[in-house]
Structure formats: structure tokens, C-alpha cells
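Since the structure comes first, as C-alpha cells, the remarks are kept for the end.
The values are calculated or read from the model by the stated rules, or taken from the named source; none is laboratory data. As the structure is a prediction and not an experimental result, all values here were calculated from the model. Every residue, glycine among them, receives a Cβ derived from its backbone with ideal geometry; neighbour counts consider all protein chains shown.
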Amino acid sequence: MKSIAILGSTGSIGTQALSVIAEMSDLKVTSLACGRNIKLLEEQARKFMPAMISVEREEDAKILRENLKELPIEVLSGDEGLMAVAADPKADMVLSALVGMMGIRPTIAAIKAGKDIALANKETLVTAGHLIMPMAKEAGVKILPVDSEHSAIFQSLKGNRQALIRRILLTASGGPFRGMTEEQLANVTLEDALKNPNWSMGKKVTIDSATMINKGLEVMEAHWLFDVPVNRIQVLVHPQSILHSAVEFEDGAIIGQMGPADMRIPIHYAFTYPHRGELSGEPLDLFAVKELTFEHPDMETFYGLQLAFDAQLTGGNMPCVFNSANEAAVAAFLDKKISFTQIPELIGSAMMEIDYEDNPDLDVVLATERDTKAFVKSCIS
């Protein structure tokens, strides 16, 4: 029996993870944490009976304590509660499915507590991979990728020496605006951007997919997960989303992982690794697919992707600047304060204006986040 703690249980990844756990007799939930969706969290608590749950605000925790008073569930709140779930002594594994840089400290807490990490919070590695990966190695804990692309790479490397990697082939659906010109992008609406052709995701990730900035973040994440320089990571636009990514080895062989566009598959693999179990779902019918196509990404029109490569090649705190500026810009776009094309514009401006730090510790990383978001907000206002 493997015990799981989930950070971000009411989000897209968290809810799909719980649907996986519900199918499996050898997995159980020990604790859950979420932001403010206390109605769904209460439903999850009643169904999975964790020993501990946590929410962002104490006033919401008081409501949950009253609503769940007949059950033996401890209800916590704030950063203290989030850290308690991350370091839950009853958990074998922590699923980090938080959105944004708020995942860094809980991930560190889980590593220090000796928990294996199922990582769906790419921003943690993007901004603090230089701290997280050595820490995990020293603690002897596994970091198992949950993003479909990184799970595919991880599976493709199984049984192969990473020293023989020639290239990582990181696939992208291309988002809803594939093929559009810069002029056409200037007219897209929030509603247009929230329509991903293949994947069902949270709003922030969906916008990141539309700008292709999500793929830039995934390039950075792959760099840290697999210790491969970014100049050996090739992004392929693959509209069918059947090949989830692949690895090219020095002998010319390419090994990849295919499957339906179902996030439960990489979640399930992270939970059951190194084994494979059964999972319900519609099997992939390759006869129905008929063809797989691949295109070069348009890194001039979708230049946020190029900015991601530039940020990682610069190193230091620049990936944090890139990510923080994107978070602030996407939040503004979701609030309809800026246009779609202003998202990469603001990122580029932040990368030019924020002071560079060569080897940032955690305090510098978090200070960079604050400074960058303040700069973006000042540009918008």
C-alpha cells in the first residue's frame, strides 16, 4: 500500500490524481491541500478520508472544521498547513500539483522529510532546479515527472544510459493559434485562448499553451530533470498529441512514448513506478489516427518560446525572471487588463530590466519573483 499526499487536490491534476487513486486498491490518500475551493475539498475529504487537510485561509478552515466535525480529519490552514501536508509523516509520496512558484517551499519540505515527489509543478524546477535537484539527490528521494512530456522522456530513458542521449525531442500540440501570424494574434480574445485543441487543463496552463510559453517552461524543466543542456532539447509541434515526447540516442535510435491525451496516464505511472498497473480509459486506436505529423515551432511569432531558451542559457535568476513575469502577465490577461500579445512583451521587458544574479539562493529566487512581478504590474498600470 502506497500512501499519497496531494498539494493542489482541487485543481486539474489533483482531481485527476484522485480519480486514479479511486481505481486502485493499493493507493490511499493521507492528506490534501488546496487554495479556496472548500466545497470540493470537503467532498474529497469525505470520499478519501485523509487524516489531514489544509486550505489557504483560516476562515475557510473554520468552516471545514464545523462541516467535518464528525470525522477524524485534522483541518489546517495557511503556509503552516501546506508545509504540514508536504511533510506528512504518513505519506510515502507527495504529488506537487500547485500552480506557480508557491510550490517551491512545500517541495523542499517534502524532500527534507524524505518523500518521493510526483512533480506536476514545473515552476519549482524552472526557478529553483539548481537547488532542488542536488537536494533530492542528497536526500535519496526520487523526483518523478507528471507532465505528459517529461513522463514520456522518463519512460523512454528506462533501461538506457543518459550519457548516450543525443537529443530530447519535446513535443507540443501547437495550441489553438498554431499557424497564426503576429497580426492575427493581436486580435485573439481570452475566450479564444482558453480553448486548447487536445488537453483539458487549468486556465493558467491553458494560456501558457496558447503562447507556447508552457513549452519553454517544459524545456527548462527537462534540462533539470534529465541533466541535458537546452541546446540539445528540440521542440517539435505535433498537432495530434499522440507521441508525448521521445529521446534520440547517439546510435540514431529514437525511443518515444505514445498514448491518448489523458493526463491520468503519467499520473498513474508516477504513482506506480517502477511498475505498471491497470488503468481504465479508451485505448489509442492508431488506425483511427492514420498519421502523425511534426513541424518546427514558429519561434518568431511565438517568441515567448525563444525567450525561455534565452533565459535558461543565461542561467542564474533569469529563468525565475522569465517565469515570474509570465505569471504576472497571464494573471493580467485573465483579468482582461492586457492583450494576448503583451504577455511575451512584458516577459522580454522584465528580462532586460531585472538585475541578474549568477547563483541565487532561495531568498534571492523569492526576491527575484517579488521584484519581477512588481515590475510587470508597474508596466501594466
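Figures for the structure shown
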{"read-out": "Those residues of segment 98-116 which are at negative phi and at pLDDT 95 or above, in sequence order", "value": "ILE104, ARG105, PRO106, THR107, ILE108, ALA109, ALA110, ILE111, LYS112, ALA113, LYS115, ASP116"}
{"read-out": "Of all residues making up segment 259-286, the number that are exposed (fewer than 10 other Cβ atoms within 10 Å of the Cβ) and either in the same structural domain as ILE117 (by TED's automatic domain parsing) or among the acidic types (Asp, Glu) (or both)", "value": "3"}
{"read-out": "Checklist (1) farther than 19 Å from TYR273 by Cα; (2) crowded, with 22+ Cβ neighbours inside 10 Å; (3) of a type in the set (A, V, I, L, M, F, W, C); (4) touching a Cys at 6+ places or on another chain (Cβ under 9 Å) applied to ILE6, failing item", "value": "(1)"}
{"read-out": "Among the candidates PRO89, PRO145, PRO134, residue that is surrounded by 24 or more Cβ atoms within 10 Å (Cβ to Cβ) and either assigned by TED's automatic domain parsing to the domain that holds VAL29 or touching a residue at least 40 places away in the same chain (Cβ under 8 Å) (or both)", "value": "PRO145"}
{"read-out": "Answer from LYS115, LYS195, LYS204 - the residue that is in the same structural domain as MET93 (by TED's automatic domain parsing), more than 21 Å from VAL247 (Cβ to Cβ) and among the basic types (Lys, Arg)", "value": "LYS115"}
{"read-out": "Residue list for segment 121-151, filter: at pLDDT 95 or above and closer than 20 Å to THR30 by Cβ", "value": "ALA139, VAL141, LYS142, ILE143, LEU144, VAL146"}
{"read-out": "Filter result (basic (Lys, Arg) and either on the phi > 0 side of the Ramachandran plot or not in a helix (DSSP H, G or I) (or both)) within segment 117-152", "value": "LYS142"}
{"read-out": "Options LEU362, LEU346, LEU366, LEU307; residue that is in the same structural domain as HIS244 (by TED's automatic domain parsing), of a type outside the set (D, E, K, R) and closer than 26 Å to VAL230 by Cβ", "value": "LEU307"}
{"read-out": "Scan of segment 241-268 for residues that are within 28 Å of ARG178 (Cβ to Cβ), outside any strand (DSSP E or B) and in contact (Cβ under 8 Å) with a residue 60 or more places away in the chain, ordered by number", "value": "SER241, ALA261, MET263, ARG264, ILE265, PRO266, ILE267"}
{"read-out": "Qualifying residue in segment 49-69 (condition: at pLDDT below 95, in contact with a helix residue (DSSP H, G or I) (Cβ under 8 Å, 6 or more places away or on another chain) and either surrounded by fewer than 20 Cβ atoms within 10 Å (Cβ to Cβ) or acidic (Asp, Glu) (or both))", "value": "no"}
{"read-out": "Residue count for segment 360-374, restricted to those that are among the hydrophobic types (A, V, I, L, M, F, W, C), crowded, with 18+ Cβ neighbours inside 10 Å and over 15 Å from ALA311 (Cβ atoms)", "value": "1"}
{"read-out": "Some residue of segment 96-106 being over 18 Å from the mean Cα position of the chain (by Cα) and not in a strand (DSSP E or B)", "value": "no"}
{"read-out": "Residue in segment 154-162 that is assigned to a strand (DSSP E or B) and more than 24 Å from GLN16 (Cα to Cα) present", "value": "no"}
{"read-out": "Qualifying residue in segment 299-320 (condition: surrounded by 14 or more Cβ atoms within 10 Å (Cβ to Cβ), β-branched (Val, Ile, Thr) and more than 20 Å from the chain's Cα centre (by Cα))", "value": "yes"}
{"read-out": "Residue that is over 19 Å from ALA328 (Cα atoms), surrounded by fewer than 19 Cβ atoms within 10 Å (Cβ to Cβ) and basic (Lys, Arg), where the choices are LYS203, LYS195", "value": "LYS195"}
{"read-out": "Evaluation of ILE38 against (1) surrounded by fewer than 19 Cβ atoms within 10 Å (Cβ to Cβ); (2) farther than 24 Å from GLU221 by Cβ; (3) of a type in the set (A, V, I, L, M) (one fails), failing number", "value": "(1)"}
